[in-house]
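Let me begin by presenting the structure, written as structure tokens, before commenting on it.
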Amino acid sequence: MVPKRGLSVSNGMAGLFGYMFGDSMAKVGLAAIADPKRDGLNIFGWVLHGWGSVFSVMYVACVVCAALLVVVAVAEERKIRFLSKAAKAKYEEKMKA
């Protein structure tokens with residue numbers, strides 16, 4: 001068993017470094033796209049340059065996040081229904097015995 005304090009510290013450190021790395025990467029990537037003095041950012045043959053491209057990246061990120069949220073929600077709902085049916089079947093089996 002792990003003490004609660006150790007678990008809290010490890011969870012907090014993972015969250016801190018995840019936030020710092022993700023935030024830094026987002027800032028660097030969006031800055032490379034928005035910077036008018038640079039040629040933009042080349043991703044899969046597409047050149048993203050300027051504020052219009054920054055907002056396009058944000059919109060695409062929102063759509064991808066919404067799609068992933070739907071996938072996770074459907075999977076969790078199926079899991080909940082499966083566990084509910086299993087519990088109900090186990091209860092009925094116990095009542096018959």
Original post:
How many residues are modelled with pLDDT under 95 and under 30 Å from GLY29 (Cα atoms) if we restrict to region 63-88?
Top reply: 1
Subject >> Residue list for region 29-45, filter: of a type in the set (A, V, I, L, M, F, W, C) and at pLDDT 85 or above >> reply: LEU30, ALA31, ALA32, ILE33, ALA34, PHE44
Original post:
What are the pairs, 6+ residues apart or on separate chains, where a residue within region 1-13 that is without any contact (Cβ under 8 Å) to a residue 12 or more places away in the chain has its Cβ under 9 Å from a residue that is open to solvent by 90 Å² or more (accessible area, probe 1.4 Å) and part of a loop (DSSP other than H, G, I, E, B)?
Top reply: SER10/VAL2
Original post:
Only one of (1) open to solvent by 70 Å² or more (accessible area, probe 1.4 Å); (2) among the hydroxyl-bearing types (Ser, Thr, Tyr); (3) modelled with pLDDT of 90 or more is not met by TYR91, so which one is it?
Top reply: (3)
Original post:
Residues in region 52-68: is at least one touching a helix residue (DSSP H, G or I) at 6+ places or on another chain (Cβ under 6 Å) and either open to solvent by 90 Å² or more (accessible area, probe 1.4 Å) or assigned to a helix (DSSP H, G or I) (or both)?
Top reply: yes
**OP:** Return the residue satisfying two criteria in turn: it lies in region 7-48 and is surrounded by 10 or more Cβ atoms within 10 Å (Cβ to Cβ) and acidic (Asp, Glu), and of such residues it is nearest to VAL60 (Cα to Cα).
**Re:** ASP23
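The values are calculated or read from the model by the stated rules, or taken from the named source; none is laboratory data. This is a predicted model, so every value here is computed, not measured. With ideal geometry, Cβ positions are generated from the backbone for all residues, glycine too; neighbour counts draw on all protein chains shown. Surface areas here come from the heavy atoms of the whole protein model, side chains and all, with no ligands, DNA or RNA. Shrake-Rupley method; radii C 1.70, N 1.55, O 1.52, S 1.80 Å.
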